[in-house]
Amino acid sequence: MANSGGGAVCNGNLHNHKKQSDGLPSENCTKNGILKEAQQNGKPHFYNKPIVESFEEAPLHVLVFTYMGYGIGTLFGYLRDFLRSRGIEKCNAAVEREEQKDFVPLYQNFENFYTRNLYMRIRDNWNRPICSAPGALFDVMERVSDDYNWTFRFTGRIIKDVINMGSYNFLGLAARYDESMRTVKDVLESHGVGVASTRCEMGTLNKHKELEDLVAKFLNVEAAMVFGMGFATNSMNIPALVGKGCLILSDELNHASLVLGARISGATIRIFKHNNMQSLEKLLRDAIIYGQPRTRRAWKKILILVEGVYSMEGSIVRLPQIVALKKKYKAYLYIDEAHSIGSLGPTGRGVVEFFGMDPQDVDVLMGTFTKSFGAAGGYIAGRKDLVDYLQVHSHSAAYATSMSPPVAEQIIRSMKLIMGLDGTTQGLQRVRQLAKNTRYFRQRLNEMGFIVYGNEESPVIPLLLYMPSKVAAFARHLLNRKIGVVVVGFPATPLAEARARFCLSAAHTREMLDTVLEALDEMGDLLQLKYSRHRKSARPELYDETSFELDD
């Protein structure tokens, strides 16, 4: 591949998939991945270390037993559905009312098969009620079920001081009230809780403008706009940017909010393999050569959708290579930094800073305040003309209620802490502590023999469990040890790749992490979860594939 111009990236090494695949680009390639503009801006940080990501494959017998488990569960599910239809077993699922039997079914029976017969059996591992701040330790309300998880009742007992390994509290800023939150209390007293209007009408407050100016300064861009809901920041703003006659190139592992926004937009959607530059370039080249289907007219816009840190895989976007491709083919780049803002980069400014790149090379910077900032909502940032356009055309600005003033103040307070504008270095210390905790926890899990996905710098750490029965046992046993974890399975992951997802926090002490690691070590032996043979996966097809079929 020819160089993309502007000194962008890699001297053509995007085609050298052997070097790319093992995550070890040459030092020269990494340095050339730093854009000239960024160097001219005098940025203090350049990412000059190898990119190390792991997607180790499971042993064959584990996959066989996993599929066998789902197969047996499916057979018993059909048997139980038969017994329910004959009235032998009570049906607790939603059914049509008797007077609606002749209607088109509202509840599709087969679509709920998985929910009825598998998810319900292990449902106690999700939606657990928390009755404290989601800090490093939290309190859980104990509940039990008398009908195999169809309903729950509370026992009245509180499980105190459970180690929180599941919340996105990356910098530990979601915590109980203390004097550092005094400004939030003051705003609550002066502005109240709700705004009772949209941004386009009477819902733009001085706190919103202060926050937007601070976000723009934090990200080193011209302007920013904030929204009251992170999910809606994607799903309601992407349709304002692209529409019919436009092409969206979306990573196959993008978040549901990106997927929904792309679908609502009416644009044509093409999927490229996760972090696979050959796959993305093939789609870009075909889009330029062939244009729109049938008419062969040029696309109005081509928009690339990616995430900074992928929340189920723990991988980090290959930003320098994607920027090179988007420049070469004159496409636009939209990056969702929900999990990377505040958690990556020497000063917590996200994946752009992590790679030492110029923020102007990303056309649309999106992020949320729900993770690192201990609040709620999201932002879109970039050029001023982009923000001016969204202020008029964004569905979220026109129809959604504005961000609550105390929430805005919490974000301002957190961002000033990270930037050091509070006169301390606590924010920087938290960013560094998170990085230390991440490397320590990942290293120990690998040493124990677990299969762990993702980038070594990512605070999202998926531990592969595979079998559905082990998913339930894993979460239940750890809660008995006062450790709260998030377990994830199909359809949020591929069928045979159920996992536990740990989210590290700067608030975790070394003693907490050692307690969790000791429990995981014992659990790995008890449930036989130590599958790792330190063998490279066939799955990063993610990076290695040179020939592949793409679905239209």
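The values are calculated or read from the model by the stated rules, or taken from the named source; none is laboratory data. All of these numbers come straight from a predicted model, not from anything done at the bench. Note: ideal-geometry Cβ built from the backbone for every residue, glycine included; neighbour counts use all protein chains shown. To get the accessible areas, we keep the full protein, side chains included, count just its heavy atoms, and leave off ligands, DNA and RNA. Shrake-Rupley method; radii C 1.70, N 1.55, O 1.52, S 1.80 Å.
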- Query: When the accessible area of the chain is split by element with a 1.4 Å probe, what percent falls to carbon and sulfur?
  - Reply: 54
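Rounding to the nearest 20 debye, state how big the charge dipole of the range 179-419 is about its Cα centre with +1 on each Lys and Arg Cβ and -1 on each Asp and Glu Cβ.
Values: 28 positive and 23 negative charges, 214 e Å.
The dipole of the range 179-419 has a size of about 1020 debye.
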- Query: Farthest toward the dipole's positive end in the range 121-186, which of Ile158, Ala136, Ile122, given Cβ charges of +1 (Lys, Arg) and -1 (Asp, Glu) about the Cα centre?
  - Reply: Ile122
- Task: Would you mind calculating the relative contact order of the chain from Cα pairs under 8 angstrom and at least 6 residues apart, reporting the percent as a whole number?
- Result: 21
- Quick one: which of Lys300/Lys328; Lys207/Lys301; Lys273/Lys436; Lys273/Lys327; Lys207/Lys327; Lys185/Lys371 span more than 25 angstrom between C-alpha atoms? Lys207/Lys301; Lys273/Lys436; Lys207/Lys327
- Task: Report the label-to-label distance for Asp147 and Thr115 in nanometres (one decimal), using points 7 Å from each Cα along the Cα→Cβ vector.
- Result: 1.6
- Query: Out of Thr401, Gly228, Ala298, whose Cα points farthest toward the positive end of the dipole of the chain (charges: +1 Lys, Arg; -1 Asp, Glu; placed on Cβ)?
  - Reply: Ala298
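Determine the calculated [θ] at 222 nm for the chain from helices alone, applying -39500 (n - 2.57) to every DSSP H run no shorter than 4 residues and normalising by the residue count; nearest 500 deg cm²/dmol. Intermediate values should be presented prior to the final figure.
Details: 20 runs with 206 residues, N = 552.
Estimated from H runs of four or more residues: -11000 deg cm²/dmol.
Quick one: accessible area per residue over the chain, 1.4 Å probe, rounded to a whole number of Å²? Show your work: numbers first, answer last.
Details: 25190 Å² over 552 residues.
Per residue, the chain has 46 Å² of solvent-accessible surface.
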- Note on the structure: Out of Gln443, Val471, Ser505 - ranked by how far each Cα lies towards the positive end of the dipole of the range 437-517, with unit charges on the beta-carbon of charged residues - the top one is Val471
- Could you please tell me the mean projected area of the C-alpha convex hull for the range 163-274, averaged over all directions and given in square nanometres to one decimal? 10.5
- What does the convex hull of the Cα atoms come to per residue for the range 179-419, in Å³? 111
- Query: Just for the Cα atoms in the chain, what are the lengths along the principal axes, largest first, rounded to whole Å?
  - Reply: 71, 61, 57
- Charged-residue dipole, Cβ positions (Lys, Arg, Asp, Glu), the chain about Cα centre, Debye nearest 20: 480
- Looking at the range 209-266, which trypsin sites (Lys or Arg not before Pro) are DSSP coil and have at most 14 other C-beta atoms within 10 Å of their C-beta? Lys244
- Message: Filter the chain for me: DSSP H helices, axial length by Cα at least 15 angstrom, mean Kyte-Doolittle hydropathy not below -1.0. List them by residue number.
- Response: 60-85, 206-219, 277-290, 405-419, 468-480, 510-526
- Query: So which chymotrypsin sites (Phe, Trp or Tyr not before Pro) in the range 160-209 pass both tests, a DSSP loop state and at most 13 other Cβ atoms within 10 Å of the Cβ?
  - Reply: Tyr177
